[in-house]
Amino acid sequence: MSTAQEWGQLLEGHVGRKDTVITSALFTAPGDADDTAASVIKGYDVRNLVANPGAWPVTPDHERPHWDWNPLEYVGPLRFGMSPHQVAAALGGQLPAGRTGAFPFWFWKESGQWSLHNDHFEHAGVTAHYWYPEGVPELGAVTVHGRTGPQLRYEGIPLVGITPSVLGSAIIQHAEDHDVGLRFSLNGVAVPDGPNLYLDTARMEDSSVSEPTFCAKDYQI
C-alpha cells in the first residue's frame with residue numbers, strides 16, 4: 001500500500017494536482033507478495049526504506065537551516081560531482097540512515113557489481129542521488145526532505161515544506177511577472193526553465209508539502 005497525489009478540478013477551473021494524497025496499491029501474485037520479491041524491489045526497494053515512526057512532523061520554517069544553492073553547481077554544502085564519502089563529510093560526517101542501490105540485472109538477483117543509487121541523511125534532511133558518468137558514483141542530484149529539510153529559495157520563493165498549490169501559483173505568477181520560461185515535469189508540475197529543478201511532494205498525514213530535487217546538468221529524474 002502507498003499513496004499518490006490527488007488530481008482533480010482546481011479553483012482556477014482546470015484539472016491539476018491537489019494538495020491532498022489518496023491511497024494506491026500494488027497487487028501481486030501469491031509468490032511475489034513479500035518485500036524481497038523482484039516485482040516489489042524493481043518498483044522500490046522497500047527493504048531499505050527508513051521506518052516511519054507513526055507521526056508526520058513538519059519542521060516550522062523558522063527552525064529550518066537556510067541553504068544557498070546555485071543551479072547545476074551546488075546545494076548548500078553539497079557540490080555536484082562529489083563522491084559518497086565527500087557528501088558524508090560535507091554533512092558533518094554523519095552516516096546515511098538508509099541507502100538504496102541495485103545489481104545490474106534485477107532478475108538475476110545478487111550478481112554483478114552492486115551500484116549505489118541513493119543515500120538518505122535523516123538528520124540533515126536530504127537524500128543524495130548518485131549517477132555514474134565516469135564509472136564511479138558521483139553526486140547527481142539532491143532531494144531536500146519536505147517535512148524536515150533545510151529551506152531553499154528561488155527568486156525569493158520558498159521551495160521546501162510549502163503547500164504544493166501555493167508554491168505552484170507563486171512560480172507561475174513569477175514567470176508571468178518577469179516573462180521567464182516554464183516547463184512541466186513528468187508529474188505535471190510547473191517549474192522554472194533552466195535550473196534542472198524537480199518539484200515533488202512529501203506526505204503529511206492526508207495532505208502534502210513540497211519536496212524539491214536539485215539536479216546537475218543532464219541528470220534525469
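The values are calculated or read from the model by the stated rules, or taken from the named source; none is laboratory data. Just so you know, these numbers come straight off a predicted model, no measurement behind them. Note that each Cβ is placed from the backbone with ideal geometry, even for glycine, and that neighbours are counted across all protein chains shown. Note: accessible area is taken over every heavy atom of the protein model, side chains too, but ligands, DNA and RNA are not part of it. Shrake-Rupley method; radii C 1.70, N 1.55, O 1.52, S 1.80 Å.
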(request) Report, to two decimal places, the Cα Rg of the range 54-207 normalised by 2.2 N^0.38 Å (N = number of residues). (result) 1.13
(request) Taking only protein heavy atoms into account and a 1.4 Å probe, give the accessible area per residue of the range 97-188 in Å². (result) 53
(message) So, R0 is 30 Å and r is the distance between the beta-carbons of residue 89 and residue 3; what FRET efficiency does that work out to, to 0.05?
(response) 0.30
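Out of the trypsin sites (Lys or Arg not before Pro) in the range 143-221, which ones are loop residues according to DSSP with at most 15 other C-beta atoms within 10 Å? Walk me through the numbers on the way to the answer.
Working: sites: 147, 153, 183, 203, 217; in loops: 147, 217.
Those that pass, being in a loop and sparsely packed, are 217.
Out of the total accessible area of the range 66-214 (probe 1.4 Å, heavy atoms of protein only), what percent is carbon and sulfur?
Carbon and sulfur atoms account for 52 percent of the accessible area of the range 66-214.
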